[in-house]
Amino acid sequence: MNSKSNRESYPDLDSLLGFGRFQHFQIWFFQAIAAMLGVGNAMNIFFIVSEPPDWYCATGDVEKCPVDGEVCEGTEVLYNTTHENYVDSLVVQHNWVCEKALWGPSVLTAMSVGKLFYLLLLGRMSDSQGRVKIFHLTNIIFMVFRTASFFFTWQYPTFLVLTALASCYPSIGLNSRNTCVAEYCNESGRKYTYMSQWVFWVFGMTLIPFLAEYVNDWFMFGLATTLGNIILVLTYPLLLKSPRLLFSQKKFKSAAKVIATIRKINKDEEVNNLEEVLKHMNDKVENKTELGVTSLFKEASLRRLVVSMAILYTVNDYIYFGAQINAGNLAGNMFVNFSLLALTELPSPFVGQFMMDRFGRRWSHVICMVLTTVCFTGCILFVNMDHMDKAVVALSLAAKTTSNVSWYIMYVQHIEVYPTLLRNSGIFLSLFVNIIVNMTTPFAVSLDSVDKCLPYVVFVFMSVLGIIVASLVPETKGMPLPETIADVDKLFSEMRFFELSPWKRIAKQENNVEL
């Protein structure tokens, strides 16, 4: 096949990359391992600083928390180790009770601060230096600082700093890895990427509480869920650079080498003069505007996306936590409850993908937001009524379910609306805004002490905001991943606000042009 025929047969990167054995291996094997290990990395700290369900003083006639003096007035502190929710945590080992009761939650705050620090420091580098480099760099940083923190728990300030410095991998590294896998695939393959990320994350979430219960030793549990990431270091040769990112950076020789490797593993036909094909492809989509992080604010279409997607990320997280006001405070075994709550998220990628395939990303997101609004509105109506507790719990669980689907759709949109050179920068900017805003979520929940309906009023407001903003994000179904600002501008120019299936119209127009 000559060079001209190649250019006609392969008009875009989707047609070159396809979806074969290489992508299946990345999605169902490597991504599965990374997702399940990522759960341990992100969630182990919750069990490590878990509060004891019951404790008392060895000497019964002393005060547990005296105004002045030590806990139990210096006598031995005993914990009910037979309680079903007991776990040997840092709080137990160091007696973080009474005036130190907030030391455990403060560790979680330190993690949020660390995430903000790394998003500023490394977030942009995932687009400029490459997904693979940042994935492995953050993984190593995480293992070093998280492991070191376990040996300094007796020195609380040092422990907090080390915990914050270890907060880079789950938020940045894992997202970089997921983006890279999505960029290996064509449109039909990307949906399996999104679904597998979610399914294996949920699978890990259902297992992690039972691992914590079985080990029942914060130190060994922490080491196991941290140093397990050595597996990811050993798989370094298996993770190729993103061909889309290399293409967008105009590194055509490197991009051609990666694409040729993928096609060889997939047993696809060899493409002659692949580098020339990529250059010709670039000439067709060439845009004079150089893309940098400032483009997210300078270019009108990108600025609109940044504002919209940051709001949607924040709204979805707010709704997610709001749905757990009642559902998350279940009586009984906390390990079983944690696992069951995780399982409620399992249907999300299947329901979400079905909706997106039928109705597109935009209207599916709006529908989920509307259903969530209805559920929370019901909570407002019933929460102060007698004998309506079960109805409120049921509505909260329903809101959690619809918000899970909404979160999944929102994540897919984040991948598909930003150009390759700014894809992770856009995602991380949304995450940055989300972390800051969602620090106020506990205060919204605490409004329950004033009036039980007030938290739900807040979440109805957030979900209505989500309905409005979700309707303003352009449809990406049937569209290739954008590479330039021109591609993003096209998404907006093709948008008709009340149109239900724009991909059908666009496909028809493209077919007419070909004819």
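What follows is calculated from the coordinates using simple rules that are stated; it is not laboratory data. On a predicted model such as this, the values are computed, not experimentally measured, just so you know. Methodologically, a virtual Cβ is constructed for each residue, glycine included, from the backbone with ideal geometry; neighbour enumeration extends over all protein chains shown.
The ratio of the alpha-carbon radius of gyration of segment 399-515 to the globular-protein estimate 2.2 N^0.38 Å is 1.36.
Neighbours of residue 45 by Cβ distance under 14 Å: Lys/Arg scored +1, Asp/Glu scored -1, total +1. Qualifying chymotrypsin sites (Phe, Trp or Tyr not before Pro) in segment 146-217, where qualification requires a DSSP coil assignment and no more than 13 other C-beta atoms within 10 Å, comprise 151, 154. Listed by chain and number, the lysines placed with their C-alpha closer than 20 angstrom to that of residue 267 are 241, 257; residues fewer than eight positions away on the same chain are left out. Size of the dipole of the chain about the Cα centre, Lys and Arg at +1 and Asp and Glu at -1 on the beta carbon, nothing else charged, in debye to 20? Using only the charged Cβ atoms, the result is roughly 2360 debye.
Overall, segment 295-436 carries a charge dipole of about 440 debye about its Cα centre when +1 sits on the Cβ of Lys and Arg and -1 on the Cβ of Asp and Glu, all other atoms neutral.
Projecting the Cα positions of 93, 420, 69 onto the charge dipole of the chain (unit charges on Cβ atoms of Lys, Arg, Asp and Glu, taken about the Cα centre) puts 420 furthest along the positive direction. Between segment 78-109 and segment 9-46, how far is it from one alpha carbon centroid to the other, in angstrom? Segment 78-109 and segment 9-46 have Cα centres separated by 37 Å. What's the center-to-center distance, using Cα atoms, between segment 162-197 and segment 221-288 in Å? If we compute the Cα centre of each part, the gap is 15 Å. For segment 293-515, the Stokes-Einstein estimate of translational diffusion at 20 °C and a viscosity of 1.002 mPa s comes to 116 µm²/s, using the Kirkwood hydrodynamic radius over alpha-carbon pairs. Projecting the Cα atoms of 200, 377, 507 onto the charge dipole of the chain (Cβ charges, centred on the Cα centre) puts 507 farthest toward the positive pole.
Think of it this way: in the chain, 168, 180, 185, 368, 375, 379, 453 stand alone, with no other Cys Cβ under 4.7 Å. Of the DSSP H helices in the chain, those with a Cα length along their own long axis of 15 Å or more and a mean Kyte-Doolittle hydropathy reaching -1.0 comprise 31-48, 103-122, 131-149, 174-184, 187-215, 252-265, 274-285, 300-322, 348-382, 389-417, 423-437, 454-470. Taking all Cα pairs closer than 8 Å and separated by 6 or more residues, the relative contact order of the chain comes to 19 percent. Dividing the mean sequence gap of close Cα pairs (under 8 Å, 6+ apart) by how many residues segment 293-515 holds gives a relative contact order of 34 percent. Using the Cβ atoms and a cut-off under 14 Å, what net charge is assigned to the surroundings of residue 140, where Lys and Arg are +1 and Asp and Glu are -1? Every neighbour counted, the sum reads +3. Across segment 175-281, the relative contact order, built from alpha-carbon pairs under 8 Å that are at least six residues apart, equals 21 percent. Only one item in (1) 25.9; (2) 33.9; (3) 44.9 matches mean projected area of the Cα convex hull in nm² derived from the coordinates shown, and that item is (1).
With the convex hull drawn around the C-alpha atoms of segment 55-100, the volume per residue stands at 72 Å³.
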